[in-house]
Amino acid sequence: MTASVLVLASTGTAWGLYRDVTAGIVTTDVVRGDASDGAQNILLVGVDSRTDTRGNPLPDEVLRQLHAGPDTGVLNSDTIIVLHMPDGGGAAAAFSIPRDTYVDIPGYRTDKINAAYPAVTALTAQQLVKEGGRSRQEIDALSRQAGRQALVKAVEQLTGLSIDHYAEINLLGFANLTQAIGGVEVCLRAPTSDPLSGANFAAGRQTISGVDALAFVRQRHGLPQGDLSRVRRQQVFLAAVANKILSAGTLTDPARLSALIGVAQESLVIDSGWDLLAFAQQAANLAGGRLEFTTIPTEGTETIEVGSVVKVDRSKVREFVDRLVEDQERKAEEAVKATPPPPPPGPLTIIPSRYVVDVRNGSPMPGLATSVVNRMRDLGFIRGTTGNTEPTEKSVVLYTGADRKAAEEVAEQLGYIAVEASDRTVAGHLLVVIGADFDRSVIPQPADAAPDTTTPAPNAPITADGVPCID
């Protein structure tokens with residue numbers, strides 16, 4: 001949801017529309033300053049509030065559809081994600097903090113991090129009621145502000161980062177967001193059913209929206225890693241949302257844009273003073289693999305007096321965050337220096353059936369030799385042998401004699417890799433050696449290709465490019 005508002009200005013929409021959107025969003029004073037001219041750290045929070053952003057209760061019918069359960073009076077922050085945007089944009093990284101992470105909460109105690117917001121909100125409200133002289137609305141606004149500030153401080157203390165901006169979305173927003181953009185695609189390795197969250201999904205690729213989307217990000221019962229599996233669900237969901245909004249023309253569709261504006265005004269809270277227009281210009285290039293989601297390192301779980309908690313080593317968390325920020329800053333610099341992408345390959349001017357193409361895989365990506373040789377066969381070349389070779393950095397097409405022209409055309413079809421004369425092959429044979437630099441996206445995938453059902457490594461990044469299958 002937040003991403004949709006942040007990139008409005010980059011789509012050519014009128015300033016008046018942007019002004020109308022931001023004028024209708026609830027703001028809160030929770031951060032110390034504005035880092036709009038440099039790198040920014042944004043805290044994204046999803047809460048299970050049974051009210052809208054102005055404190056109005058959601059209708060009972062809506063709550064039943066959302067499977068919100070009974071209102072216990074406790075406002076939990078179920079989604080806690082920090083988005084780091086390097087100076088100049090172009091690449092960004094987001095990392096999740098599991099809601100049960102056991103941390104020191106400034107002004108409260110050591111507890112699950114998702115206790116920071118509700119506990120400090122409740123304590124502040126009690127104090128304000130005792131002092132008297134304020135309306136219920138004033139008490140609610142001030143106490144929530146204190147709760148949000150406590151959460152911001154807990155995140156800063158854990159990660160070592162300074163939070164520059166804050167964005168919060170409620171239950172209804174998660175449900176309405178995907179309806180506004182026409183749904184998002186996700187993929188599950190196995191069917192799942194959980195009456196507590198309302199999750200009831202088949203295995204494989206599927207498009208979700210509305211209450212199904214909310215159930216998808218809220219389910220934790222019946223998943224292999226409980227809350228950590230839910231964190232992966234949330235990352236995949238947000239990556240899919242970012243990809244849909246930023247790359248599918250959503251923001252140039254008047255009907256969908258109008259629906260997004262309504263969702264933002266009904267369900268979003270941001271920090272006061274945030275210049276969304278300036279940020280939008282940085283966020284415009286986050287489609288594809290330029291946005292990565294991962295999770296802080298954890299040390300297992302433990303059951304203590306406050307319940308089951310996720311243990312963390314703060315020094316390891318800070319090392320992880322420092323490394324992630326450094327990597328994204330480097331990627332941003334490389335993106336600025338990068339040369340434009342090569343043009344798409346043209347039609348073949350040789351007779352491919354006169355050449356045999358053999359392939360050796362020296363990259364860390366398994367299965368590429370088969371993919372490449374099949375691609376060459378589809379183009380009309382004779383399918384040669386495949387196999388692995390020693391680790392290789394640079395991809396190359398090896399040829400001999402008068403076969404240079406054929407080697408150049410094969411290299412063009414494989415992303416303009418290098419060509420080189422070699423005695424490792426014979427006339428009429430071309431040898432493709434795949435290196436670590438090979439871009440596997442140059443191999444077209446059939447429209448009916450089966451989804452990748454491998455489970456990503458526990459802390460492997462989720463990007464806004466593709467649909468990984470998860471638990």
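At-a-glance table
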quantity: Residue check, residue 203 farther than 30 Å from residue 87 by Cβ, of a type in the set (A, V, I, L, M, F, W, C) and touching a residue at least 60 places away in the same chain (Cβ under 8 Å); calculated: no
quantity: Looking only at the range 184-193, and only at residues there that are in contact (Cβ under 8 Å) with a residue 60 or more places away in the chain and in a loop (DSSP other than H, G, I, E, B), the one that is surrounded by the most Cβ atoms within 10 Å (Cβ to Cβ); calculated: 189
quantity: Positions within the range 340-377 being in a loop (DSSP other than H, G, I, E, B), without any contact (Cβ under 8 Å) to a residue 60 or more places away in the chain and loosely packed, with under 15 Cβ neighbours inside 10 Å, in sequence order; calculated: 340, 341, 343, 344, 347, 351, 366, 367
quantity: Residues of the range 134-174 classified as outside any helix (DSSP H, G or I) and either out of contact with any Lys or Arg (no Cβ under 9 Å at 6 or more places or on another chain) or not polar (S, T, N, Q) (or both), total; calculated: 11
quantity: Matching residues in the range 194-216 - criterion: being in contact with a strand residue (DSSP E or B) (Cβ under 8 Å, 6 or more places away or on another chain) and assigned to a loop (DSSP other than H, G, I, E, B); calculated: 202, 203, 209
quantity: Filtered residues of the range 389-410 (kept if under 22 Å from residue 354 (Cβ atoms) and either within 33 Å of the chain's Cα centre (by Cα) or basic (Lys, Arg) (or both)); calculated: 404, 405
quantity: Unique residue being outside any loop (DSSP other than H, G, I, E, B) and under 30 Å from residue 91 (Cα atoms) when the list is 412, 420, 408; calculated: 412
quantity: Entirely in the range 217-289, the helices (runs of 4 or more DSSP H) that have 3 or more residues that are modelled with pLDDT of 75 or more and under 21 Å from residue 82 (Cα atoms); calculated: 227-247
quantity: Qualifying residue in the range 382-399 (condition: in a loop (DSSP other than H, G, I, E, B) and either among the aliphatic types (A, V, I, L, M) or not assigned by TED's automatic domain parsing to the domain that holds residue 431 (or both)); calculated: no
quantity: Pair list, Cβ < 7 Å and 6+ apart or interchain, from the range 134-155 residues that are under 17 Å from residue 113 (Cβ atoms) to residues that are modelled with pLDDT under 90 and among the polar types (S, T, N, Q); calculated: 148/28; 151/77
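The values are calculated or read from the model by the stated rules, or taken from the named source; none is laboratory data. Not measured: the values here are computed from a predicted model. Neighbour counts run over all protein chains shown; Cβ positions are idealised from the backbone, glycine included.
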